[in-house]
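For reference, the structure discussed in these notes is given below.
FYI, it's all coordinate maths here, none of it is from the lab. No experiment lies behind these values; they were computed from the predicted model shown. FYI the Cβ positions are ideal-geometry reconstructions off the backbone, even for glycines, and counts take in every protein chain you see.
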Amino acid sequence: MEQFFFFLFAAGAVISALLVISRRNVMHCALFLVLTFFFVAAIFVLLKAEFLAAVQVLVYAGAIMVLFTFVIFLVHIPRTEKIRQTFRQKNLALALGLLLGLEVAYILYGTMAAPASLPAAAPVGAVGNTESFGVALFTRFLFPFEVVSVLLLAAMIGAIVLAKKEIDR
Amino acid sequence: MSAEVPLSYYLILGALLFIIGAVGVLTRRHALVILMSIELMLNAVNITLVAFSRMQGNLTGQVFSLFIIAVAAAEAAVGLAIVIVLFNSRETLNIDEINLMKW
């Protein structure tokens with residue numbers, strides 16, 4: 001049963017990811033990217049990471065994709081769909097992608113010897129994923145958490161400054 | 001739990017998504033699609049980290065994934081602001097035509 005759902009979600013994620021990089025219309029790319037994010041969230045649920053699945057849907061499929069959609073509406077010019085969508089060096093790029101794939105396959109081949117199946121017990125036990133996640137985040141990883149908050153603040157200020165300069169001009 | 005999914009399946013899925021994202025970055029020339037491909041690659045890394053976290057039996061990988069999601073949000077905000085500024089000054093998002101640092 002678990003394998004059936006894994007293959008369902010994995011196939012969905014890979015197919016919609018392929019559509020993201022092959023569709024001509026940017027809006028279609030964005031919508032297929034949302035679909036990919038939902039499939040990845042389902043994979044997180046299979047991995048017993050329920051909190052991350054919720055964050056994935058809220059932050060990626062919610063916030064980031066709304067940002068993308070707004071920018072697409074702001075910068076959309078219909079004639080960009082007519083031009084060729086790929087570089088001239090497309091074949092070289094595909095060859096490089098294949099090379100990367102071979103390297104990753106070689107590394108993964110080494111991991112096949114490792115213990116094949118995941119431990120049956122969830123990493124957290126009875127307390128629940130979200131609670132133990134919060135405890136870990138606010139005790140052991142408190143300092144990185146603060147650093148990330150500063151990073152988000154800097155990104156927010158940077159985005160506002162970049163966009164505001166445009167209005168002043 | 002009759003049919004467990006082995007760890008390597010998750011790693012293969014993460015690798016596939018990462019390669020698709022890398023090919024997208026290398027082949028497409030619309031700046032927004034390139035940003036989307038980067039998001040795809042970050043997501044693939046998240047899958048790998050969460051799978052390893054499950055294997056190890058602790059939450060470190062999941063916490064790291066949360067940080068990656070936060071960094072991806074910051075990257076998207078700044079990247080899209082740059083895209084808007086770029087579009088307003090150059091009237092194009094074709095990165096073949098955006099080849100100067102200053103104009």
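Below is a table of values for the structure above.
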{"item": "For A:137-148, mean number of other protein chain Cβ atoms within 10 Å", "result": "3"}
{"item": "Tilt relative to chain B, helix B:31-56 - C-alpha long axis, 0 to 90 degrees, to 10", "result": "20"}
{"item": "Residue-wise HN-Hα coupling along region A:8-25, computed from phi with Karplus coefficients 6.51, -1.76, 1.60 (Hz; x: Gly, Pro)", "result": "4, 5, 5, 4, x, 5, 5, 5, 6, 5, 4, 5, 4, 8, 10, 5, 7, 7"}
{"item": "Per-residue HN-Hα couplings for region A:98-110 [Karplus 6.51, -1.76, 1.60; θ = phi - 60°; Hz; x = Gly/Pro]", "result": "5, 4, 4, x, 5, 4, 4, 4, 4, 5, 5, 4, x"}
{"item": "Lys, Arg +1 and Asp, Glu -1 on Cβ, resulting dipole of chain B about Cα centre, debye, nearest 20", "result": "80"}
{"item": "3J(HN,Hα) from dihedral phi, region B:80-92, Karplus parametrisation 6.51/-1.76/1.60, rounded to Hz, x for glycine, proline", "result": "6, 4, 4, 4, 5, 4, 4, 5, 5, 8, 10, 6, 8"}
{"item": "Förster radius 30 Å - calculated FRET efficiency between A:LEU94 and A:LEU58 (Cβ-Cβ, nearest 0.05)", "result": "0.30"}
{"item": "Length-normalised contact order of chain B in % [C-alpha pairs under 8 Å, at least 6 apart]", "result": "27"}
{"item": "Label point 7 Å beyond Cα of A:ALA154 along Cβ direction - residues of region B:74-89 with amide nitrogen under 14 Å", "result": "B:74-75, B:78"}
{"item": "Mean shadow area of region B:7-90, taken as a quarter of the surface of its Cα convex hull (nm²)", "result": "5.5"}
{"item": "Footprinting exposure proxy for B:MET36, A:MET1, B:MET41, B:MET101 (fewest neighbouring C-beta atoms within 10 Å first)", "result": "B:MET101, A:MET1, B:MET41, B:MET36"}
{"item": "Which of A:VAL161, A:VAL104 has the fewest Cβ neighbours within 10 Å, and the rest in rising order", "result": "A:VAL161, A:VAL104"}
